[in-house]
Structure formats: C-alpha cells, structure tokens
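Note sheet for the following structure.
The values are calculated or read from the model by the stated rules, or taken from the named source; none is laboratory data. Model, not experiment: these values are computed from the prediction. Here the Cβ positions follow ideal geometry from the backbone for every residue, glycine too, while neighbour counts run over all protein chains shown. For the accessible areas, the whole protein counts, side chains as well, though only heavy atoms, and no ligand, DNA or RNA atoms are used. Shrake-Rupley method; radii C 1.70, N 1.55, O 1.52, S 1.80 Å.
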Amino acid sequence: GGAEARTTRGGGGGPAGGGAALNSVSYQLHVPDHVVPAVLGRGGQVIKEMMDQSGAVIKVSQKGDYVPGTSNRIITITGSQNAASFAHQLVSAKIPLS
C-alpha cells in the first residue's frame, strides 16, 4: 500500500485564521442570475472545488439579492492576492461571455 499522498494544511480552521485579513483582497463579480447554477454546481460542488483549489472564499448572493436595478447576482471572492485572483479566473471560466 502506498502512502497517502494528499496533504491537508492546518486543522481545518480555514483561511480566516490569525492575521490573514491583513493582506487579503476582495473581488466582486456581477453575474446574470442564469449563470449562477454553473458557478455553484450541483449541491454547491463546483464552488466548493474552486475554493479548495484556490484557497479563497467565494460567496454568491442569495436568490433575489441583486445588484440594484439589474437581475445580476453578486459573487464575492476573498483571500490572499494570489488565492483571490486565481479564484477570480476559475469563476470567470464558468461564466459564458454572451
């Protein structure tokens, strides 16, 4: 039997540990309501994977919680500069440009 290759960092405390907020950045994306399911995935699977991959926190506004005057939902990405920009790329890749 081979050794377990998967390494998990830390004790599951998540990125909101000690001074993490000092160098954290936050992006907001406004996306049409109909693309939200593609970002979330079934049961939130896709967004969870993107958070695992990037190390950033990705939040989608509640259904009906729109950018004023539009039917766009708000996706907030928070994390270190690297994590947040990577997450931004991952999320953007899920959003059709049309």
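FRET efficiency for the residue 93 to residue 66 pair, using the beta carbon distance and R₀ = 22 Å, is estimated at 0.45.
Report in % the part of the accessible area of region 55-97 that belongs to carbon and sulfur, leaving out ligands and nucleic acids; probe 1.4 Å.
Of the solvent-accessible surface of region 55-97, carbon and sulfur hold 56 percent.
The equivalent ellipsoid of region 34-84 has semi-axes of 21, 14, 7 Å, largest first, where each one is the square root of 5 times an eigenvalue of the Cα gyration tensor.
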